[in-house]
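**Student:** Here it is, the structure, as structure tokens.
We did not get these values from a lab; they are worked out from the coordinates using the rules stated. Please read all numbers here as calculations on a predicted model, not as lab measurements. Cβ sites come from the backbone with ideal geometry, for glycine too, and all protein chains shown count toward neighbours.
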Amino acid sequence: MVGLIVLGVLAAVVIWMVMIYNGLIAARNDVQASWKQIDVQLKRRHDLIPNLVATVKGAMEFEQDTLEKVISARAKAVGASGPHSRAEAENMLTQALGKLFAVMENYPDLKSNKNIMQLQEELTSTENRISFARQLYNDLVANFRTRIEVFPNNIVSSLFSFKPEEYFEAEEAARATPSVNLSLKGK
Amino acid sequence: MPITFIDIERRTNWRIAIFFMVLLCLYAAIGFILTFPSLNGLYQISPRFWLVLLTAALLAAGIHFWFAAYNTVDSVIRGLDARPPDPQDEVHRIFLNIIEELRVVTGGKQKIRCAVIPSLSLNALAAADLKGTALIAITEGLLSRLSRPQIEAVAAHEAHHILSGDCLETTVAASLFGTLSSALERIRTFSQNRIFSLPAFLLAWLLLQLGHLLNMFISREREYRADAASVRMTRNPIALAEALHLLTRSWRGAGFIGSGYEMLCIVNPQASNLDESEGFWSDLFSTHPPIGKRINVLLGMARIRRADLERNTIPMSSSAPSSAKPSYYAMSPSQQWQGPLPLNELALLPWLTPLTWISTSAGGDVLRAWKDPLISLIFGQRLMEGERTLSPYACPSCRQPLITASYEGTIIQQCSFCAGTLVDSDKVPRIIARTGRDQPCSERITALARTVLKENQSRQLYRMRQNSGKANGPLLPCPKCNNPMRRQFYSMSHLIEIDRCGYCGVTWFDQNELQMLQCMIHHRLTAERYIL
């Protein structure tokens, strides 16, 4: 009789642990899937930038410095790996691009060039997508971190050594604006 | 505003179940009343009668519910004659991109269809159905008149309705009761109330008034919540506030967007007094909160954001005494905050107009540029630059002195910022008579006049049906006496909306309106006969 009860309790504990484990796996997969989404959008941005630079180069002779910065920031961003260093490189690129867009306002010729306007629209859209994807990723990471740390999940997570995922950005930068709109301000 | 972007699921709402019960009762009641005369009195009613009646009602309600709620998005698209955006079109391309961005927010879990409504009116709507399709539709007029951040803000507002699930319940309610009652409404108007002699119709009509009671379930809170969520996504409360402000002064599609769809829209197409007032009853029966209050809430948010932003950076303005040299942030035409700029740099901005949003670096309120006395000086200076004669009167929207100019051989007063024109009412016929003397009407103005006439015509037709010819929205003050001017059509055949002051005898034309009026009369573009 006692044996049966012990067996029952053990079975219950195992089932309960399996459920928690599966939940954690699902949460981690969500995080990884959303990281892919950021990846896709970052790649899109990296592909668009050389086009933009090539198109505006002729018209913006006096802004070679700004263009150089964009190009070198892009090169760094393409080479970076791991959430933390990538976030840093991408932030640099965002800032360089923001400056380029601000300078472009001063060139009416560029404004009337349909090709450039289209490129700029695509880049603006990509910027927004990156920031939204980042929001989603960080929300999912926060969710995952909470789930592995709360009791009793922490027993299971330490048993199977689940590691907390990294946020895409440092705290300070995460509080800044997600869209390019406001990022020009405060500089 | 707890909207998490994690795993947003469509909640099947308990309210939808209530809608079904109401529908069931409605059909049961109709069935009972229709069969009652053929019975010989109450004693003949057996349990079998009830069983048959309820089964029939259940069947009817089920079929109605299925047809109304399952594939609503398609019927909304058909009803509004909306088209998918054209990827080759620049403006539509932006809209497509924005929808794609919103899809990223949801983690790609919710597929959102988008559509453009071919109308000059300004409105946007969201719909969702039980099939799982969601739709964001924006009118052509709104797409063309808003800047990119404003479209973003409007689309984000609509996306929140879809994600939070309240779109599904409003869509179901609207299609269950709204479309039916709007069809009945049309029959009633065309038959001029004679239809009421048919008792069955009277009955159906009365029961369908129940549909309006369903507004009780639809709380105004959700509009505030969607506004807040939109700001959370785009971080740009001013863009949304400006978009809403534009909507208050324009045609929102009354008459074009059927009354069945009004609950789905960002602002109620029929600007009703109920919506604009507050209190227990209006909270209970109206679908949208007062727009003015929504704008105030948004602008309130803008100020708080500003203060936050200043705390993050270590700006020079905090170390420098702010009273000595105030610096400003200005919102550029593409809705980006630029700054901080000292006054002399601000004066050099080519796009600075009296209507530009301005805020001081000290984190003060966001103002129109004309309200700031220092910035106002810039405009005064700009006006003095050319050899121009200032008139003693100010533009009703920019509040800057008007310029006296000569047009078609007579003297008019013009605003050099918003291109509006003030004409003494007795000079208007004179100007019209001289149309085409110096230069002919341009193609652009003629085309514009044609579209505006067509749109205003359907709008006026609708107003006459509703027996309320009164236009809503804020009125401009008269430049001479400062009393509100009346907003009216120039005439019943030349449907151009103008602002007129009866006391001083002046007429205010917004940009292009005077030219359009001239064109209309010159080319004999008039409203069709039946409106007269």
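**Student:** Given the convex hull of the Cα atoms of the range B:394-531, what is a quarter of its surface area in nm²?
**Tutor:** On the way: hull surface 33.8 nm².
Spelled out: convex hull of the Cα atoms, projected over all directions, averaged, 8.5 nm².
**Student:** Please report B:66, A:35 as a ranked list, fewest other C-beta atoms within 10 angstrom at the top and most at the bottom.
**Tutor:** The order, fewest Cβ neighbours first, is B:66, A:35.
**Student:** Shifting gears a bit: Hey, if you put +1 on the Cβ of every Lys and Arg and -1 on every Asp and Glu Cβ in chain A, which of A:97, A:133, A:12 ends up farthest toward the positive end of that dipole?
**Tutor:** A:12
**Student:** I would also like to ask the following. Give B:293/B:454; A:36/A:57; A:43/A:99; A:114/B:454 a once-over and call out the pairs whose C-alpha atoms are over 25 Å from each other. Spell out each step's value before the answer.
**Tutor:** Working: B:293/B:454 33 Å; A:36/A:57 32 Å; A:43/A:99 21 Å; A:114/B:454 31 Å.
Table pairs above 25 Å Cα-Cα are B:293/B:454; A:36/A:57; A:114/B:454.
**Student:** Relative contact order for chain A: what is it in percent, counting Cα pairs under 8 Å that are at least 6 residues apart?
**Tutor:** Relative contact order, chain A: 30 percent.
**Student:** Sorting B:517, B:59 on the 10 Å Cβ count, fewest up front, what's the list? All intermediate terms of the calculation are to be shown ahead of the outcome.
**Tutor:** Numbers: B:517 25, B:59 11.
So the residues, fewest neighbours to most, are B:59, B:517.
**Student:** Helix A:83-104 versus the longest principal axis of chain A: what angle, 0 to 90°, nearest 10, using Cα atoms?
**Tutor:** 30 degrees
**Student:** Rank these for me by crowding, B:38, B:164, B:230, going from fewest to most other beta carbons within 10 Å. Write out the running numbers ahead of the final one.
**Tutor:** On the way: B:38 7, B:164 19, B:230 28.
Final ranking by Cβ density, sparse to dense: B:38, B:164, B:230.
**Student:** For residue B:252, which sequence-distant residues (separation of 5 or more, or a different chain) have an amide H within less than 5 Å of its own amide H, given hydrogens modelled in the peptide plane?
**Tutor:** B:122
**Student:** Check each of the trypsin sites (Lys or Arg not before Pro) in the range A:7-109 and keep only those in coil by DSSP with at most 16 other C-beta atoms within 10 angstrom; list them in order. If you can, show how the numbers build up before the last one.
**Tutor:** On the way: sites: A:28, A:36, A:43, A:44, A:45, A:57, A:69, A:74, A:76, A:86, A:99; in loops: none.
Sparse-neighbourhood loop trypsin sites (Lys or Arg not before Pro): none present.
**Student:** Shifting gears a bit: Stick to the Cα atoms of the range A:1-111, pair each with every other, and give me the Kirkwood hydrodynamic radius in Å at one decimal.
**Tutor:** The answer is 17.8 Å.
**Student:** Below 12 angstrom from the Cβ of residue B:354, what's the summed charge of the other residues (Lys, Arg +1; Asp, Glu -1)?
**Tutor:** Neighbour charge sum, excluding residue B:354 itself: +3.
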